[in-house]
Each structure stands twice: as structure tokens, then as C-alpha cells.
Amino acid sequence: MQKQLEVKHASVSYGKQEVVCGVSFDLEQGDIGCLLGPSGCGKTSLLRAIAGFEPLTGGEILLHGRSVSRPGATLAPEKRRVGMVFQDFALYPHLTVERNVAFGLRGQRGKQRHGRVEELLDLVGLAGLQKKYPHQLSGGQQQRVALIRAMAPRPDILLLDEPFSGLDVELREQLAREVREILKRESVTAILVTHDQLEAFALADAIGVLGEGRLRQWDAGYDLYHTPQDRFVADFIGQGAMIPGRVLAGGHVETALGSFKGLFVNAVSQGQAVELLLRPDDVIHDDASKFQLEVVDKVFQGAEYLYTLLLDDGSEILCLVQSHHDHAIGEKIGVRLHIDHPVAYPLET
Amino acid sequence: MQEAVEKTISPSGISLRVNAWSISVVAIALLLSVPVLLVLSYLFEPAGEVWRHLADTVLQDYVTNSLLLMVGVAIGVLMLGVSTAWLTSMCQFPGRALFEWALLLPMAIPAYIIAYTYTGLFDFAGPVQTLLRDWTGWSYGDYWFPEIRSLEGAALMLSLVLYPYVYLLTRAAFLSQSICVLDVSRTLGNGPWRTFFSVALPLARPAIVAGLSLALMETLADYGTVQYFGVSTFTTGIFRTWFGLNNAAAAAQLSALLLLVVFALIIIEKGSRRHARYHHTTQRHQALTRFQLNWKQSSMAFLICMGALFFGFLLPAGQLLWWALTTAEESLDGRFLSLITHSLLLAGGASLLALLLALFLSYGKRLHGSWPVQLSVRVAGMGYAIPGTVIAVGVMIPFAAFDNALDGWVRERFGWSTGLLFSGTLVALLLAYLVRFLAVSLQTVEAGLGKIRPTMDEVARSMGTGSGKIVSRVHISMLKGSLMTALLLVFVDVLKELPATLILRPFNYNTLAVRAYELASDERLADASYAALTIVLVGILPVVLLSRSITRSRHAETA
């Protein structure tokens with residue numbers, strides 16, 4: 001089957017500075033991908049390269065099998081059949097909702113155009129607001145108008161540039177789920193750019209983590225969290241701590257909290273010093289455990305406390321405990337490990 | 001109970017002082033609005049003999065010419081202002097950064113001065129036509145050459161120096177448009193040209209209309225250009241009726257009519273600015289990626305910007321410089337020195353007075369913002385759009401009436417004459433300047449004061465700083481820039497002002513503007529160059545100030 005989007009070794013540079021370096025991934029028709037990373041990681045530049053606003057300095061981008069960007073050859077954005085939703089929505093303040101949505105439907109007959117606009121307004125529950133102007137809408141409504149305006153011409157791919165960051169925190173998650181439902185119902189191929197991992201988890205089928213212009217890992221959210229392929233991804237996704245360990249025979253890792261059958265992202269040799277990733281949910285509170293650790297910090301999070309515990313060797317681990325287990329700083333509590341994915345990284349020397 | 005609470009809030013004595021302050025603010029506003037109200041009152045005066053005569057003969061000319069002039073200037077400033085604004089803000093081509101501020105330079109040249117230089121360059125005896133005759137061997141009457149001293153010529157002169165109003169506001173509008181709205185249009189299948197006409201231009205429309213209204217207000221206020229070119233408009237009509245027909249009432253009635261047109265423009269301008277709020281597109285500004293032009297487009301862009309700069313500034317300023325260096329007979333003697341002294345005294349005095357009044361009014365508004373105070377400050381700032389000719393009429397009539405009444409009374413009582421106490425003195429002239437230019441310093445001071453948020457006062461107070469200390473430690477240092485700007489802007493405006501000075505100045509009291517006007521009227525264009533060049537050079541100062549703020553905003557943009 002033909003891929004909807006193929007990005008092959010794409011590079012983008014501003015002057016001498018390369019902000020996207022050799023990124024490759026692809027999306028099937030109907031897939032929702034996400035480019036996730038801290039600010040300045042190059043994710044927006046890559047998105048703008050896919051839209052056609054930035055030229056490539058290396059590699060190639062194919063849309064629906066057609067090469068649209070190569071170094072020295074950039075197809076103009078208006079000829080790509082891409083739809084884009086911007087962080088600030090970029091609605092046209094001088095046009096009504098209806099005319100905003102119909103903006104990309106030039107060349108269609110009036111009746112057909114009208115039908116498409118009505119259909120989309122119904123889809124996002126904005127029927128009846130046709131004649132309103134953008135400044136008369138709430139933030140969430142504006143967001144939905146921007147979304148269906150981009151979807152109206154049935155683009156080959158929909159690009160979403162931090163589409164939720166202008167909204168209230170409470171609204172974001174709800175909208176992210178709604179948007180996913182809408183995209184899936186219309187079977188739209190889409191890429192989301194965000195720095196918010198919860199948004200990425202809520203919306204995307206596959207997530208690429210970008211760091212310093214490089215694609216670190218392309219995976220489902222679950223795998224990014226539990227089996228991060230490098231330290232950068234491990235640090236960026238979720239919370240967690242590293243504890244020192246040593247590789248034993250048979251691929252086991254021995255730590256101060258017991259030994260585990262390790263998953264290694266790099267080749268390791270027996271006896272090598274490694275670090276084991278511990279997520280807060282890998283550490284279970286158990287008063288009967290033989291490991292009794294001192295509480296050095298605690299953060300109340302409502303249903304849970306996030307405790308920071310001190311190991312004998314001076315490293316610290318995080319532990320998520322139901323909040324009726326209220327322990328004071330300095331007290332010792334018992335923990336045991338329950339790790340499904342004991343990921344170990346060779347210690348950098 | 002209520003009284004007790006009030007006392008704890010305001011230290012004793014403050015409330016009384018604030019009331020005196022409010023009353024003074026209202027009084028100042030009333031005084032400044034007398035000329036305008038007086039002129040307007042003539043709308044209800046029964047039409048006299050002279051008025052009927054005017055209406056039968058020349059009034060139609062005044063109306064038609066003024067309207068045609070406005071149409072011509074509108075076309076000119078829109079074409080020059082919008083195209084240069086788009087090119088310098090959204091496109092990348094060699095020289096763009098230079099043009100960005102240099103395109104403001106024509107603002108430094110008053111319209112009547114550019115008119116003198118173009119007449120010198122393009123009339124029959126001028127170098128252009130002389131050269132043409134030398135080349136072709138034609139003589140007088142053999143060929144057609146556009147007449148610069150005409151209605152079209154006046155529209156061209158005014159367009160060349162007024163387009164920066166449209167340029168400035170439109171450019172700001174283009175820059176504040178989120179680049180995303182343009183990008184969206186591209187992704188929805190529109191090319192660059194279509195995007196410009198269907199998105200960028202409609203979004204900037206309120207700003208364009210506001211800039212256009214300002215340019216048209218200046219057009220209506222112009223006296224020097226149309227007088228020199230012999231085009232009969234409202235302003236020249238007012239002059240002729242007053243001094244030629246010696247009929248103050250009819251002149252005031254003409255002024256009142258002109259005022260109505262100006263008010264219509266003010267309403268349009270204010271409405272557009274209000275509307276512009278809804279056209280604001282974003283909270284976040286992405287760094288602009290300007291359209292990279294190829295060499296063909298670049299040369300077009302360069303030619304357009306260079307054309308505006310060359311014909312609006314370089315050519316006229318160069319001509320003035322040439323005259324000053326070669327043919328001018330008037331030397332830099334004591335007489336010229338006295339011109340400069342008079343101009344400096346008037347401009348300095350008026351700008352200082354305007355600044356003090358502006359401070360008094362805006363602090364009054366800040367400390368005691370009841371509606372009479374707010375309204376008064378608004379009224380006091382209304383004069384800017386009003387033509388100098390109209391203000392002069394409005395100042396002259398009451399002062400003359402007062403002087404005559406006082407003189408008559410003293411003569412009857414004591415048998416000697418007081419002469420003219422106010423009319424024909426600097427007092428009348430300064431008052432006229434204040435009416436016209438107070439708005440400039442008021443706007444600047446209010447903008448500066450607006451940046452000192454009330455919370456800053458509250459923070460200082462919470463740290464135990466008294467009101468006086470707040471003003472000296474916080475306000476003065478934060479306002480310094482605005483105060484200097486206010487002084488400079490009014491100073492330059494007064495220096496350039498022609499019609500009000502011409503009418504109200506004391507007998508034989510010459511300024512640079514008046515002297516340039518007189519010499520040009522005597523067809524001694526080259527001799528007028530010293531005075532004109534001085535005005536232009538000083539006029540460059542506020543342009544530098546403006547262009548600096550433009551460059552600064554550009555840095556903020558890229559940061």
C-alpha cells in the first residue's frame with residue numbers, strides 16, 4: 001500500500017545552523033503521527049518543511065507518492081494539498097465562520113461548497129454559528145473552526161502546529177480527544193507538533209521524539225514511556241530515576257534493589273556498569289519489604305504522593321504512593337520493585 | 001461613616017486639591033475649545049450679503065477643488081503608501097532595510113516647500129524644460145509640458161509628502177498580522193498575489209483608512225501649496241474672504257463648513273481604529289519569513305521604493321541645497337539670524353507650554369478620572385485635525401472683539417487709547433499653536449504615562465514611598481523619553497506651520513516659514529532656500545526618532 005507521507009533523511013538549515021538533521025519516518029493513510037520534543041528541537045521547522053514553507057537542505061519529502069521537497073526543488077504550499085492548523089488558529093477576522101471554512105473551497109460549485117461547510121460544522125457541533133465572526137467565538141470554538149477550515153478541501157495530510165497551546169489547560173485534553181475522534185471519523189492523515197506529551201498520548205497513533213534536530217525514537221506512546229531507546233527520550237518522557245547496576249551473566253542486571261532480566265539499548269558485556277531506568281510506577285510501596293528507604297522529599301498530587309527516596313549509594317528514586325500513606329520526611333518506608341521493562345543504559349564514561 | 005472611610009483612603013487635603021485640579025482641567029479645555037466653538041457657531045448665523053455673494057460665485061469652486069484635491073491625494077498616497085509598506089515589510093530585496101526608515105523622510109518636507117522646489121525644477125524657465133528645449137530645438141509653444149502649478153500638481157506635491165502617514169500605519173498593520181494567516185491561505189491553495197488581495201489587504205484596511213484620513217486632514221489644512229499654485233480651495237477662500245473682502249463673518253462661515261468635512265474625517269479615522277481591534281489576529285508572532293524576490297522582482301521593488309524616496313525627498317532637498325549653495329542672493333546675515341531667533345522662540349515657547357499643559361491635563365485624568373475631566377482632556381486634544389486657517393479665524397475674532405471693546409471703554413472713560421492688547425501679539429499666536437498642537441504632546445505624554453501601570457504606583461506605595469517620591473523616582477525617569485519626544489514633535493510642527501502664523505503674527509514679525517512663503521510668492525525661489533532648508537533639516541529630527549522606534553520594534557520582533 002502506498003504511504004501517505006514519506007520523510008526520507010530530511011534536513012533543514014537556517015544559514016549554517018542545521019535545525020533538522022536527517023529525519024526519516026512515514027505515515028499510512030488515516031494515521032495520526034506526532035512530533036514531540038522540547039522547544040527548539042526542530043519539530044516546527046520539520047512541519048513547515050512538510051507544508052512547503054521551509055526548503056530542505058537534504059533528503060526528500062513525498063506526499064501520496066509524489067516528491068514535493070528536495071534540496072533545490074520545493075513545491076509551493078498552495079500546490080501540495082496540505083491543510084494546516086496554527087497555534088493561534090489564524091482565523092480571518094474579516095470573514096464569518098462560514099466564509100472562513102469555505103476559504104479553501106474556491107472552484108467548487110456554490111451548492112457543493114455550501115454542503116461541505118454545513119457537513120463540517122455539524123461534525124464539530126458548530127451548526128448555527130455560520131454568520132458569527134471569529135471574535136464572537138470562544139477559544140474552543142475558534143479552534144474547531146480552524147480545524148475544519150483546514151479539513152474542508154480534503155487535504156492529503158493535515159498539519160497541526162501546537163493546536164492546543166492557546167487554550168485553557170482543562171479544555172486541552174477534552175479537545176485533544178475530540179479532535180482525534182473527528183480525524184478518525186473522516187479518516188484524515190495528520191501530524192501534530194507539540195511539546196506536551198499528554199497531548200501527544202491522547203491524540204497520536206505514533207510519536208516521534210525529536211531532540212536537537214534528530215529523531216530519537218518513533219514509536220507508540222506506551223513504548224516511548226516504558227522502553228525509551230536513549231537517555232534523552234527517557235528523560236523527556238515521563239518522570240523517573242536512574243539507579244546504578246552491573247551486568248551479570250545471562251543478561252541480568254544487579255542493583256541495590258534486586259536483580260532483573262535487563263533490556264539493553266546498546267550491546268553490553270558482562271561486568272559492565274549500567275544504569276537502570278525506574279519509573280515511579282515501577283516502585284511499589286510495601287511495608288513488608290526488606291528494602292527500607294528514607295523519604296527525602298514528598299509532593300502531594302491529590303490521589304497520590306510522589307516520594308523521593310534515598311538509596312544507600314546516594315542515588316535517589318521516585319515512588320508513587322496512594323495519598324493515605326502519609327509519611328514524614330526522614331521516615332523510612334518499605335518498597336519493592338515491579339518492573340515489566342527493566343531498560344538499562346551503559347554508563348557514559 | 002462614608003466620610004470617615006474616605007478620610008482614611010486619602011490623606012487630608014488631597015481631595016480639595018484634586019477638585020481644584022479638575023476645575024482647572026475643565027477650564028483649560030474650555031479656553032482651548034473657544035476658537036472651534038466660535039467658528040462652529042457661525043453655522044447658525046444668518047447668511048449675510050457677502051455670504052450670498054460667495055455662494056453664488058466662488059463657493060462651488062472651493063468645494064469642487066477641495067474635493068478633487070482630496071481624491072487626487074487619496075489615489076496618490078494609497079498607491080505610494082500601501083505598495084511601499086507591503087514591499088518593505090513582507091518582501092526581501094536589496095536596500096529593504098534602508099528604505100524601511102528612509103521612506104519616512106518626505107515627512108520632513110512641508111508641502112509648500114516641495115511645491116516651491118518642483119516649480120523651480122519643472123516650470124518654463126526651470127532646468128528640465130530648458131534642457132528639453134536645448135536638446136530638441138523647440139521654443140515656447142512648440143510642445144506640451146505638464147503644468148506643475150495646477151490642481152493635479154498640488155495633488156502630486158501633497159501625495160509625495162503625505163504618503164508616509166499611510167505607509168507607517170499600513171506597515172504596522174502588515175507586521176502585526178500573524179504570518180500564520182498568510183500561511184493558512186497558502187496551504188488552502190492561494191498563490192502569493194491572491195493571498196495579498198484576499199487576506200493581507202482586507203486585514204490591513206482599517207489601518208489604511210486611518211492613514212488615509214490623516215493624509216486627507218493635512219490636505220484640507222494645506223494653505224501654502226494651493227495658494228502658490230493658484231488653486232482655489234477652502235483655505236485660500238477663507239484668506240481671500242477675510243483679507244480681500246474684509247468680511248470676518250463670511251470667513252468664519254466658510255471655516256465652519258470646512259470644519260464639518262474635517263469632523264467627518266475624524267469620525268472615519270476613529271471608527272477605523274476601533275474596528276482595527278477586531279482585525280487583530282494573534283497573540284504570538286512568528287518571526288517573519290519575507291518573500292525572497294528574484295532579481296526582476298527585486299529591481300521593480302527597488303524602483304518603486306526609490307521612486308517614492310527620490311521624488312518625495314532627495315530631489316526637492318537636493319534642489320534646495322543647490323539653490324542655497326549657488327544662486328541664493330540672500331546671505332546669512334543678521335536678518336536671517338533674527339528669523340531663526342523668532343522661529344526658535346515661538347517653537348520653543350509653544351512646545352514647552354504644550355508640554356506643561358499636557359502634563360497637567362494627563363495627570364489630572366490619571367488622578368481624578370471623573371467624566372468631566374476625561375471629556376475635557378479629549379476636547380483639549382481635538383484641535384490637531386483642524387486647519388490652521390480655521391483656528392486663526394477662531395482666535396482672531398474674539399481677541400479683536402475684546403480689544404475693541406476694551407479700547408472703546410477706556411477711551412470713553414479716560415480719553416486715551418489702549419490699542420490692540422492681544423490681537424496681533426504673540427499671545428494670540430501661541431494660543432493658536434496650543435489649540436492646534438496640544439493634541440500632539442498630549443498623546444505622547446498620555447502614552448508614556450500609560451506605560452506606568454497603576455500597579456507600579458501601588459508597589460512603590462507598599463514599599464513605603466510617598467506620592468511625591470513616586471513621581472520623582474519612578475515617573476520622571478520613566479517619562480523622560482516621552483517628554484523629550486513631545487517637546488520635539490510640537491517644536492517641529494510649529495516651525496513648519498504657515499497659515500496661522502501668517503494671519504496672527506505681530507506686524508513684521510517674520511519666521512522661517514513666513515519668510516520662505518514671502519520670498520517664493522515674489523518668485524525669489526532660490527532666495528527662499530535658506531529658510532526652507534532650515535525647516536527641512538529640523539524636520540528630519542522627528543523622522544529620525546520615528547525610524548529609530550521602527551528599528552527597535554524590528555529588533556524586538558526578531559528576538
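Among the residues of region B:202-213, is any surrounded by fewer than 23 Cβ atoms within 10 Å (Cβ to Cβ), within 14 Å of chain A (Cβ to nearest Cβ) and free of Cβ contacts under 8 Å to residues at least 12 places away in the same chain? Yes: one or more hits.
Would you point out the residue of region A:43-62, among those that are within 12 Å of another protein chain (Cβ to nearest Cβ) and of a type outside the set (Gly, Ala, Ser), that is nearest to A:GLY33 (Cα to Cα)? Please lay out each step first, then the result.
Residues of region A:43-62 within 12 Å of another protein chain (Cβ to nearest Cβ): A:44-45, A:47-48, A:50-55.
From the residues that got through so far, the ones that are of a type outside the set (Gly, Ala, Ser) too are A:44, A:47-48, A:50, A:53-55.
Working: A:THR44: 14, A:LEU47: 11, A:ARG48: 15, A:ILE50: 13, A:PHE53: 20, A:GLU54: 20, A:PRO55: 21 Å.
The qualifying residue nearest to A:GLY33 (Cα to Cα) is A:LEU47.
Go through (1) on the phi > 0 side of the Ramachandran plot; (2) among the small types (Gly, Ala, Ser); (3) surrounded by fewer than 22 Cβ atoms within 10 Å (Cβ to Cβ) for A:GLY213 and report which single condition fails. It is condition (3) that A:GLY213 fails.
Here B:VAL199 qualifies as part of a helix (DSSP H, G or I) and in contact with a helix residue (DSSP H, G or I) (Cβ under 7 Å, 6 or more places away or on another chain).
Let's see how each residue does on (1) more than 21 Å from A:VAL233 (Cβ to Cβ); (2) surrounded by 11 or more Cβ atoms within 10 Å (Cβ to Cβ):
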{"site": "A:LEU278", "(1), (2)": "no, yes"}
{"site": "A:ILE284", "(1), (2)": "yes, yes"}
{"site": "A:GLY302", "(1), (2)": "yes, no"}
{"site": "A:LEU309", "(1), (2)": "yes, yes"}
{"site": "A:SER315", "(1), (2)": "no, yes"}
{"site": "A:HIS325", "(1), (2)": "yes, yes"}
{"site": "A:HIS341", "(1), (2)": "no, yes"}
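Within region A:63-81, if we keep just the residues that are closer than 25 Å to A:LEU183 by Cα and more than 11 Å from chain B (Cβ to nearest Cβ), the residue that is surrounded by the most Cβ atoms within 10 Å (Cβ to Cβ) turns out to be A:VAL68.
Here's a check for you: in region A:82-99, which residue that is part of a loop (DSSP other than H, G, I, E, B) and facing chain B (nearest Cβ under 7 Å) is farthest from the chain's Cα centre (by Cα)?
Residues of region A:82-99 that are part of a loop (DSSP other than H, G, I, E, B), as a first pass: A:86-96.
Checking which are facing chain B (nearest Cβ under 7 Å) leaves us with A:86-88, A:90, A:92-94.
On the way: A:PHE86: 16, A:GLN87: 15, A:ASP88: 19, A:ALA90: 23, A:TYR92: 29, A:PRO93: 31, A:HIS94: 34 Å.
Going through the qualifying residues, I end up with A:HIS94.
Do we have A:PHE103 as touching a strand residue (DSSP E or B) at 6+ places or on another chain (Cβ under 9 Å), among the aromatic types (Phe, Trp, Tyr) and within 8 Å of another protein chain (Cβ to nearest Cβ) here? Criteria not met by A:PHE103.
State which residue is nearest to B:TYR116 (Cα to Cα) when the search covers only region B:127-169 and only residues that are among the polar types (S, T, N, Q) and modelled with pLDDT of 90 or more. Spell out how you get there, then give the answer.
To start, the set of residues in region B:127-169 that are among the polar types (S, T, N, Q) comprises B:129-130, B:136, B:139, B:150, B:159.
Now restrict to residues that are modelled with pLDDT of 90 or more: B:150, B:159.
Numbers: B:SER150: 13, B:SER159: 15 Å.
If we take residues in region B:127-169 being among the polar types (S, T, N, Q) and modelled with pLDDT of 90 or more, then B:SER150 is nearest to B:TYR116 (Cα to Cα).
Among the conditions (1) of a type outside the set (Gly, Ala, Ser); (2) part of a loop (DSSP other than H, G, I, E, B); (3) farther than 17 Å from A:GLN87 by Cα, the only one that A:GLU18 does not satisfy is (2).
One residue alone among B:SER41, B:SER89, B:SER33, B:SER66 is closer than 30 Å to B:LEU175 by Cα and assigned to a helix (DSSP H, G or I), and that residue is B:SER89. Filter region A:128-155 for residues that are away from chain B (no Cβ under 14 Å), more than 16 Å from A:VAL179 (Cα to Cα) and either assigned to a helix (DSSP H, G or I) or of a type in the set (D, E, K, R) (or both) and give the result. Once the filter is applied, which keeps residues that are away from chain B (no Cβ under 14 Å), more than 16 Å from A:VAL179 (Cα to Cα) and either assigned to a helix (DSSP H, G or I) or of a type in the set (D, E, K, R) (or both), region A:128-155 yields only A:LYS131. Of all the criteria given as (1) touching a residue at least 40 places away in the same chain (Cβ under 8 Å); (2) part of a strand (DSSP E or B), the one not satisfied by A:VAL68 is (1).
For region B:7-35, the set of residues classified as closer than 14 Å to B:SER370 by Cβ and at pLDDT 80 or above consists of B:ALA20, B:TRP21, B:SER22, B:ILE23, B:SER24, B:VAL25, B:VAL26, B:ALA29, listed by residue number. Taking region A:9-46 as the range and being of a type in the set (Ser, Thr, Tyr) and out of contact with any strand residue (DSSP E or B) (no Cβ under 8 Å at 6 or more places or on another chain) as the test, the residues that pass are A:TYR14, A:SER39. The listed residues are B:SER376, B:SER423, B:SER362, B:SER351, and the only one of them that is touching an Asp or Glu at 6+ places or on another chain (Cβ under 6 Å), in a helix (DSSP H, G or I) and buried (at least 19 other Cβ atoms within 10 Å of the Cβ) turns out to be B:SER362.
Every residue, every condition in (1) away from chain A (no Cβ under 14 Å); (2) modelled with pLDDT of 90 or more; (3) surrounded by fewer than 19 Cβ atoms within 10 Å (Cβ to Cβ); (4) not in a helix (DSSP H, G or I), yes or no:
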residue	(1), (2), (3), (4)
B:TRP242	yes, no, no, no
B:ARG274	no, no, yes, no
B:ARG277	no, no, yes, no
B:SER298	yes, yes, yes, no
B:PHE313	yes, yes, no, no
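Looking only at region B:496-526, which residues are buried (at least 23 other Cβ atoms within 10 Å of the Cβ), part of a loop (DSSP other than H, G, I, E, B) and at pLDDT below 90? Of everything in region B:496-526, just one residue is buried (at least 23 other Cβ atoms within 10 Å of the Cβ), part of a loop (DSSP other than H, G, I, E, B) and at pLDDT below 90, namely B:LEU525. Scanning region A:218-236 for residues that are buried (at least 18 other Cβ atoms within 10 Å of the Cβ), more than 12 Å from A:CYS34 (Cβ to Cβ) and not small (Gly, Ala, Ser) yields A:TYR225, A:HIS226, A:THR227, A:PRO228, A:GLN229, A:PHE232, A:VAL233, A:PHE236.
Before we move on, is B:VAL390 crowded, with 20+ Cβ neighbours inside 10 Å, closer than 22 Å to B:HIS475 by Cβ and in contact with a Ser or Thr (Cβ under 8 Å, 6 or more places away or on another chain)?
Details: crowded, with 20+ Cβ neighbours inside 10 Å: yes; closer than 22 Å to B:HIS475 by Cβ: no; in contact with a Ser or Thr (Cβ under 8 Å, 6 or more places away or on another chain): yes.
Taking the combined requirement at face value, the residue does not satisfy it.
Among residues of region A:171-197 being modelled with pLDDT under 90 and among the aliphatic types (A, V, I, L, M), the one that is nearest to the chain's Cα centre (by Cα) is A:ALA176.
For region A:156-210, filtered to residues that are within 14 Å of another protein chain (Cβ to nearest Cβ) and part of a strand (DSSP E or B), the residue that is nearest to A:LEU36 (Cα to Cα) is A:VAL193.
Residue-wise test of (1) charged (D, E, K, R); (2) under 30 Å from B:TRP242 (Cβ atoms).
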| residue | (1), (2) |
| --- | --- |
| B:THR389 | no, yes |
| B:VAL395 | no, yes |
| B:ASN404 | no, yes |
| B:ASP407 | yes, yes |
| B:TYR433 | no, yes |
| B:GLY481 | no, no |
| B:ASP493 | yes, yes |
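Tell me, yes or no, whether region A:108-120 has at least one residue that is under 30 Å from A:THR57 (Cα atoms) and more than 9 Å from chain B (Cβ to nearest Cβ). If you could, list the steps in order and put the result at the bottom.
Here is the first cut: in region A:108-120, the residues under 30 Å from A:THR57 (Cα atoms) are none.
Scanning region A:108-120 turns up no residue that is under 30 Å from A:THR57 (Cα atoms) and more than 9 Å from chain B (Cβ to nearest Cβ).
All but one of (1) closer than 30 Å to B:ALA172 by Cα; (2) buried (at least 22 other Cβ atoms within 10 Å of the Cβ) hold for B:TYR116; state the number of the condition that does not hold. Failed condition: (1). The set of residues in region B:176-198 that are touching a Leu at 6+ places or on another chain (Cβ under 6 Å) and facing chain A (nearest Cβ under 7 Å) is empty.
The values are calculated or read from the model by the stated rules, or taken from the named source; none is laboratory data. Everything numeric in this text was worked out from a predicted model, so none of it was measured. Don't worry about glycine lacking a Cβ; one is built from the backbone with ideal geometry, like all the others, and counts go over all protein chains shown.
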